[in-house]
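The values are calculated or read from the model by the stated rules, or taken from the named source; none is laboratory data. Keep in mind it's a predicted model, so treat the numbers as computed, not measured. All Cβ positions, even for glycine, are placed from backbone atoms using ideal geometry, and neighbour counts span all protein chains on display.
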Amino acid sequence: MARDVRLIRSPISVAGMVFTTISASVFLVVFLAELFGFHSNPYIGILFFLVLPAVFLVGLALIPLGAWVERRRRQAGRPPSELRWPVLDLNDPNRRIAAVIVFALSVANVVIVSLAAYRGVEYMDSPAFCGLVCHEPMRPQWAAYQAGPHARVACVECHVGTAPGSFMRAKLAGTRRVVAVMRVSFSRPIPSPSHDDMIPANETCQQCHWPERFFGDRIRRIAEYADDETNTESVTTLQLHLGSGASPASGIHWHASPAVEIDYVEADGDGGGTIPYMRVRDESGAVREYLADGVTAEQVAGAPRLRMACMDCHSRPAHRIAPSAGRAVDELLVNGAIPRGLPFVRREAVAALAAAYPTQDAALEGIASALRGFYTAQTTAPDGDPVTSAEVDQAVRAVQDVAARSIFPTMNVTFGTYVNQLGHTDVAGCFRCHDESHTTTQGQSISQDCELCHAFQ
């Protein structure tokens, strides 16, 4: 028995004991942190349920492995490699005090290091880490995220899935991006994620939104403005048939129903291309296959099939940049951010935003110079009231704010750089499929009837 105990004094076994002890201590700290209400997140879940148990098991495995290696070593006639522990006589008061101090400091160090690691993971979980550490390449995404509808949702909630595989893919991709930033070899602009890089919608979007809860219609008012002196407004009012993904599925969200399967082939694979083929399985189980005009089944036979999900339409849910300067200025006029009484303000604001600038600072200065220069000569509004400096300053600030979250010359990002497939006014969007040129072998086509999705009011 004594000989067997001495076998685990080998360096490998001792290393296993160290791994086991440290992982168990950290596991305990993380457990207590969760127990007392510290914020939980995907990284902590992976650490708690995957990394620490794995290290613990590796440590346990090293203990008998070290003993086996040591036994083989001795059987071969080689001298023992066991570590010699110092003799600790706790009957000696000085050694007893020293041992207590060392033990207490060791426990304190483990707790401190564990908490520091925990807070480090928390920081890596924060949007500030994602948006500011890689400042230059992620600047457009960070600015759009802060102004978007998901600004209170942490980046990892959408970009890191709940499964261990998703975590590993995200960290490997993050490591590659850090190297690219250090080497200044990143793409300009940063490309939108491909389907292979995106986390499935049921792990992200559908934690807050889910198809079965979409229902009914919604009224949407779309205002546009002319480039004339009075900034003439024209309004389109739509009754959107949102419908529901619940059975029986209906409306726009029929496409996202769990009972409906829509598989398709994308021509270029970047989320913005044409769709030459799709296969639809409806709630009744009926299957229809559609091919675009001029496309044969043989041409798409080996192409990868993609399953339609939320982000096929909502392709820019968190990092939205207006598709054009005109759209951005129209939104400012709708919200009252720009005084509509300023003559030609729509035309001048669009021209200032659409001009080419070498840097964002130059864009902000150019916008201020262009608008103030124009209104120096334009002293009265169409109603005869004088143009005030306060109104001009308000317009300048509003247009500069749009530029600050939309124009990034060093990253080659501006209006329309990133495609948003929601709708069909600025890009193909819905018309990638609903173009009446996709037909089955029986001659059925996908309708382009406007009132399938909305009615004009």
ask   = Take the residues of the stretch 260-290 that are of a type in the set (A, V, I, L, M) and over 25 Å from Ser194 (Cα atoms): which is surrounded by the most Cβ atoms within 10 Å (Cβ to Cβ)?
value = Val287
ask   = Just a yes or no: is a residue in the stretch 376-388 surrounded by fewer than 20 Cβ atoms within 10 Å (Cβ to Cβ), out of contact with any helix residue (DSSP H, G or I) (no Cβ under 8 Å at 6 or more places or on another chain) and at pLDDT 90 or above?
value = no
key: Subset of the stretch 308-333 [modelled with pLDDT of 90 or more and either small (Gly, Ala, Ser) or not in a loop (DSSP other than H, G, I, E, B) (or both)]   = Ala322, Ser324, Ala325, Gly326, Arg327, Ala328, Val329, Asp330, Glu331, Leu332, Leu333
message = For the stretch 293-307, check the following and say yes or no: at least one residue is under 30 Å from Leu238 (Cα atoms), within 24 Å of the chain's Cα centre (by Cα) and not aromatic (Phe, Trp, Tyr).
response = yes
task = Kindly provide the set of residues from the stretch 336-380 that are touching a residue at least 40 places away in the same chain (Cβ under 8 Å), among the charged types (D, E, K, R) and farther than 11 Å from Ala395 by Cα, ordered by number.
result = Arg347
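Condition check ((1) part of a helix (DSSP H, G or I); (2) of a type in the set (A, V, I, L, M, F, W, C); (3) modelled with pLDDT of 75 or more; (4) under 30 Å from Val156 (Cβ atoms)) across all residues:
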{"site": "Ile22", "(1), (2), (3), (4)": "yes, yes, yes, yes"}
{"site": "Leu32", "(1), (2), (3), (4)": "yes, yes, no, yes"}
{"site": "Gly37", "(1), (2), (3), (4)": "no, no, no, yes"}
{"site": "Leu47", "(1), (2), (3), (4)": "yes, yes, no, yes"}
{"site": "Ala104", "(1), (2), (3), (4)": "yes, yes, yes, no"}
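Can Val427 be described as hydrophobic (A, V, I, L, M, F, W, C) and assigned to a loop (DSSP other than H, G, I, E, B)?
Numbers: hydrophobic (A, V, I, L, M, F, W, C): yes; assigned to a loop (DSSP other than H, G, I, E, B): yes.
So Val427 passes the test.
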remark   = Flagged in the stretch 352-390 as among the charged types (D, E, K, R) and assigned to a helix (DSSP H, G or I), in numbering order, are Asp361, Glu365, Arg372
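Only one of Ile252, Ile219, Ile199 is over 28 Å from His438 (Cβ atoms) and in contact with a Gly (Cβ under 6 Å, 6 or more places away or on another chain). Can you tell me which?
Ile199
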task = Being at pLDDT 75 or above and either touching a Gly at 6+ places or on another chain (Cβ under 8 Å) or not in a helix (DSSP H, G or I) (or both) is the filter; apply it to the stretch 106-138 and report the residue that is farthest from Met182 (Cα to Cα).
result = Ser126
